[in-house]
Amino acid sequence: MQDHDDALNVTGGTMMTDVEQAQIDRDELPFVAPCRTLSPWAPFRWLRLGVTDLMRAPQQSLAYGLAVALMIGVVCLLAWFRGSQWFMFAMLGGFVFLAPLTCIGLYAISAQLERGQEPLMARSIRAAFKRHFGNEMIFALALLVIFLLWARAAVMVTVFFPTEGDITIREWINYLGFGSMVGAVFAAVTFSASAFSLPMIMHRDVDSITAIVTSINAVLRNKFAMFIWLTLVVVLLVLGVVTAFTGLIAIVPIIGYAAWHGYLETIDAEQFPRHSVGITSVPRPEDSAQDTSSSTR
């Protein structure tokens, strides 16, 4: 029995048929999707579009943000009251690595809004945990490996912590500076791999490796713009945490929606096939117009 998304694909847009899917030669697809050159101020435009999506779907957005804020708050409170502040910081560090996975439901809401569909939470959750679950798990495994390496590196950094005599300011600076450099390397790798990969998995029928390589390539080719985007994300998340996590209720959806619009503006994935079913099997109005223009040439 077809689900609601399948019925929507038949009535709401052009769905790739089984014949068209069979004609796709995966071996001839490019290894990486091309990217566009971004203006340094592009991330601010993404945030504005993210706020617009929040206003268009306030109930779904705030419900999603509340769930993420509660998850982070509960972890931090448990760690704090058990007297393990280091455990709390470790869990927050782990969330930085796993946070991109929490946003795929938000990408689904933005995708529905673009296609003139009612943004349903059930459809968004199905997109996050059913449609693309396999690729998401491969991506999560890659992030988990990076996180474990980061945790191991953090333990090794403690070797540089001064333990004898009075600790001088210079020793503190050396210890914190070295630890920050190690953490920055892992954070940069994680950010580069996740900036556009999950939106691409949501948008097109691609494997995780292609999406990750595409994301890294796009970040390296737009270093200044992506540095500004990373800075905005960090600042907003810090604001959300210092407001006793209440600010995250709105901040998390805005960041998720902005990341989706950033992907659409940055990555040209037209060479890759659409999903056969689900939200993104239906073309956006812009894509439909381009397809019509191409067919009349």
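The values are calculated or read from the model by the stated rules, or taken from the named source; none is laboratory data. No experiment lies behind these values; they were computed from the predicted model shown. FYI the Cβ positions are ideal-geometry reconstructions off the backbone, even for glycines, and counts take in every protein chain you see. Heavy atoms of the whole protein, side chains included, go into the accessibility calculation; ligands, DNA and RNA do not. Shrake-Rupley method; radii C 1.70, N 1.55, O 1.52, S 1.80 Å.
Annotations for the structure displayed:
- Look at the dipole of the range 164-254 built from charges on Cβ: of Ala193, Leu239, Val206, the Cα furthest out on the positive end belongs to Val206.
- With all protein chains modelled, accessible area of Phe224 [1.4 Å, Å²]: 120 Å²
- Measuring nothing but protein heavy atoms, the accessible surface of the range 210-277 at 1.4 Å probe radius is 74 percent carbon and sulfur.
- With a Förster radius of 51 Å applied to the beta-carbon distance between Arg36 and Leu176, the computed FRET efficiency rounds to 0.85.
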